[in-house]
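This is the structure I want to talk about, given as structure tokens.
The values are calculated or read from the model by the stated rules, or taken from the named source; none is laboratory data. Bear in mind the structure is a predicted one, so any value in this text is a computation, not a measurement. Cβ: placed from backbone, ideal geometry, glycine included. Neighbour counts: every protein chain shown. Accessible surface is based on the protein model in full, side chains and every heavy atom, while ligands, DNA and RNA are left aside. Shrake-Rupley method; radii C 1.70, N 1.55, O 1.52, S 1.80 Å.
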Amino acid sequence: MQLMKDLILSYNELAGKSVTVGGWIRTVRDSKNFGFIELNDGTTFKNVQIVFDESLSNFKEVAKYPISTSLIITGELVLTPQAKQPFEIKATEIVIEGTSDADYPLQKKRHTLEYLRTIAHLRPRSNTFSAAFRVRSVAAFAIHRFFQEKGFVYAHTPIITGSDAEGAGEMFRVTTLELGNPPRTESGAIDFSEDFFGKETNLTVSGQLEAEIFAQAFRNTYTFGPTFRAENSNTARHAAEFWMIEPEMAFTDINGNMEIAEEMIKYIIQYVMEQCPEEIAFFNERIDTGLLERLTNVVNSDFARVTYTEAVELLEKADVKFEFPVSWGLDLQTEHERYLTEKIFKKPVFVVNYPKEIKAFYMRLNEDGKTVAAMDLLVPGVGEIIGGSQREERFDNLVQRIKDMNLNVEDYWWYLELRKYGTTRHAGYGLGFERILMYLTGITNIRDVIPFPRTVKTAEF
Ligand code: 4AD
Ligand code: MG
């Protein structure tokens, strides 16, 4: 059996030859003595047109097969230079692989994304999700390719962990406790200190701290895996389970960090545009008419750079009224981030050097004693897609920061030891995989770039 993607690549050589394909009916229509099937086998975004006629013994049944019936079809590949599609298959045999009930929920009409979310087991067969999840797969490969070509070592960091990488306490607890009969403290509360074979554990919020271990051994490393946040943010940009790409580089500062981040974003966009032209054209037509132009511009222009202090000044002068206040020391909200990147810079922008109070404990303190070498990348339409920093490599400073943030120094003993045995300047960042997929597709809800989203109130599958 041939794959449709291969037929599309080499139909000229196959002209006049017999081919066999398997796939699902997208549409079928017939007139008196012949008919057409649009068949899709999932190996390409495109359908292949099948022509069938009375010469088939089962002609009458075929014409009545419902959408989504799975078929195996043998026939002659015929070039059709005058038609929209370059070739079709003239069936000599159509064998049914599996029938489909007539109430198949994806009939040929446009469904809303909200409706499709309720049928996560079927939506990968729709055009939008076929395109979204193929782009997801290709983008993941592009990311591995980018880092592997540069010699970065891929580190598998733990999912179950005893440390809070962000120090923000937004973690899901992992427990082996028998909840019907849990151990209790003297006051009667559940004793969680014993929950994972005698250790408190959580699902990881970030692989960064372990990536830093690898950076101090391999110099350049990256993680790419699922991360979990127990923040109760019911927004179109937050998921409780999402994937993050986290490179970490020794002997690198915040400028080197920005350079690699910019190169990576451009590489991913370019690779996906080359490998998924039909999918991107589809999104450009159906989801976001400015997409193609925007992606092309991003690949060809330099990202803007601005300090947090400058960004706050720009926002204070803005001609719009924000819902949340802007002033030095407060964190930037999504509305501020989007204003900066969409209205002021009109392209991706790095914001650097945030006040230390609003950033994580591991970020390197700047000379001014007030800001840290943090770096966020904001993009139009999405807002923050990358958060990163140069790391605090100085032992004493790091201990002080951990204490200042009211964290427990003992919990970070191994992280601190990295600063005792040949510490180096180092930097890294986290790219939210779903955020860049939103950017690549124009899809505005994170639930629609994740096959099985885990967001507030959704965990059906
Ligand atoms: O800015 P964040 O929290 O940074 C870190 O976790 C660092 N440890 C990364 C590092 O330096 N190695 O998260 C990084 C990125 C964000 O910019 C955003 O794109 C994404 O992860 N992200 C989320 N994506 C979807 N849903 C959520 N709840 C997200 N939280 C963060
Ligand atoms: Mg962040």
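Condition first: within 28 Å of GLU212 (Cβ to Cβ) and of a type outside the set (Ser, Thr, Tyr). Can you find one or more residues in the range 311-323 that meet it?
Narrowing the range 311-323 to residues within 28 Å of GLU212 (Cβ to Cβ): 311.
Restricting the remaining residues to those that are of a type outside the set (Ser, Thr, Tyr) gives 311.
Yes, some residue in the range 311-323 is within 28 Å of GLU212 (Cβ to Cβ) and of a type outside the set (Ser, Thr, Tyr).
I would also like to ask the following. If we scan the range 97-107, do we find a residue that is free of Cβ contacts under 8 Å to residues at least 24 places away in the same chain, farther than 30 Å from GLU262 by Cβ and open to solvent by 50 Å² or more (accessible area, probe 1.4 Å)?
Scanning the range 97-107, I find at least one residue that is free of Cβ contacts under 8 Å to residues at least 24 places away in the same chain, farther than 30 Å from GLU262 by Cβ and open to solvent by 50 Å² or more (accessible area, probe 1.4 Å), so the answer is yes.
Given the structure, is LYS150 surrounded by 13 or more Cβ atoms within 10 Å (Cβ to Cβ), under 30 Å from LEU14 (Cα atoms) and touching a residue at least 12 places away in the same chain (Cβ under 8 Å)?
no
For the range 258-271, indicate whether the set of residues that are of a type in the set (Ser, Thr, Tyr), assigned by the TED database to the domain that holds LYS347 and closer than 30 Å to LEU9 by Cβ is non-empty.
Step one: list which residues in the range 258-271 are of a type in the set (Ser, Thr, Tyr), which gives 267, 271.
Adding the requirement that they be assigned by the TED database to the domain that holds LYS347 leaves 267, 271.
Subsequent filtering for residues that are closer than 30 Å to LEU9 by Cβ retains 267, 271.
The answer is yes, given that some residue of the range 258-271 is of a type in the set (Ser, Thr, Tyr), assigned by the TED database to the domain that holds LYS347 and closer than 30 Å to LEU9 by Cβ.
Determine, yes or no, whether TYR354 is closer than 20 Å to ILE254 by Cβ, in a strand (DSSP E or B) and of a type outside the set (D, E, K, R).
yes
Please go through the range 336-364 and pick out each residue that is more than 14 Å from ligand 1 (Cβ to nearest atom) and open to solvent by less than 40 Å² (accessible area, probe 1.4 Å).
HIS336, TYR339, LEU340, PRO355
Quick one: how many residues across the range 21-33 are open to solvent by 10 Å² or more (accessible area, probe 1.4 Å) and aliphatic (A, V, I, L, M)? Step through it out loud before you land on a result.
First pass over the range 21-33, keeping only residues open to solvent by 10 Å² or more (accessible area, probe 1.4 Å): 22, 24, 26-33.
Then drop every residue that is not aliphatic (A, V, I, L, M), which leaves 28.
Qualifying residue count, the range 21-33: 1.
I would also like to ask the following. Identify all residues within the range 378-435 that are aromatic (Phe, Trp, Tyr) and closer than 17 Å to TYR222 by Cβ; write none if there are none.
Taking the range 378-435 first, the residues aromatic (Phe, Trp, Tyr) are 395, 412-415, 421, 429, 433.
Scanning the range 378-435 gives TYR429, PHE433.
Something else now. Does the range 218-229 contain any residue that is farther than 21 Å from ALA373 by Cβ, assigned by the TED database to the domain that holds ILE436 and assigned to a loop (DSSP other than H, G, I, E, B)?
First pass over the range 218-229, keeping only residues farther than 21 Å from ALA373 by Cβ: 218, 224-229.
Narrowing the set further to residues that are assigned by the TED database to the domain that holds ILE436 leaves 218, 224-229.
Those still in the list that are assigned to a loop (DSSP other than H, G, I, E, B) too: 229.
Yes.
If only one of GLY180, GLY169 is within 24 Å of GLU417 (Cβ to Cβ), part of a loop (DSSP other than H, G, I, E, B) and open to solvent by 40 Å² or more (accessible area, probe 1.4 Å), which one is it?
GLY169
Between a first residue in the range 75-90 that is more than 22 Å from GLU54 (Cα to Cα) and a second residue that is part of a strand (DSSP E or B) and open to solvent by less than 50 Å² (accessible area, probe 1.4 Å), which pairs have beta carbons less than 6 Å apart while being 6 or more apart in sequence or on different chains?
So the pair list comes out as GLN85/GLN49.
To continue, here is another question. List the strands (runs of 3 or more DSSP E) that sit entirely inside the range 370-461 and contain at least 1 residues that are within 16 Å of ligand 1 (Cβ to nearest atom) and surrounded by fewer than 20 Cβ atoms within 10 Å (Cβ to Cβ). First the steps, then the outcome.
Working: elements: 371-379, 383-390, 426-432.
Output list reads 383-390.
Give the residues of the range 205-216 that are open to solvent by 10 Å² or more (accessible area, probe 1.4 Å) and over 19 Å from ILE260 (Cβ atoms), sorted by residue number.
Result: GLU210, ILE213.
Does at least one position in the range 301-317 carry a residue that is within 16 Å of ligand 1 (Cβ to nearest atom), of a type in the set (Ser, Thr, Tyr) and part of a helix (DSSP H, G or I)?
The answer is yes, given that some residue of the range 301-317 is within 16 Å of ligand 1 (Cβ to nearest atom), of a type in the set (Ser, Thr, Tyr) and part of a helix (DSSP H, G or I).
Select from the range 224-245 the residues that are of a type in the set (S, T, N, Q) and more than 8 Å from ligand 1 (Cβ to nearest atom) and write down the one among them that is farthest from ASP448 (Cα to Cα).
Filtering first and then ranking leaves ASN232.
Test PHE36 against the stated conditions and say whether it is on the phi < 0 side of the Ramachandran plot, of a type in the set (A, V, I, L, M, F, W, C) and open to solvent by less than 20 Å² (accessible area, probe 1.4 Å). Please lay out each step first, then the result.
Working: on the phi < 0 side of the Ramachandran plot: yes; of a type in the set (A, V, I, L, M, F, W, C): yes; open to solvent by less than 20 Å² (accessible area, probe 1.4 Å): no.
No: the conditions fail for PHE36.
Okay, moving on. Against the condition in a loop (DSSP other than H, G, I, E, B) and surrounded by 15 or more Cβ atoms within 10 Å (Cβ to Cβ), how does SER57 come out, does it pass?
For SER57, the condition - in a loop (DSSP other than H, G, I, E, B) and surrounded by 15 or more Cβ atoms within 10 Å (Cβ to Cβ) - is not met.
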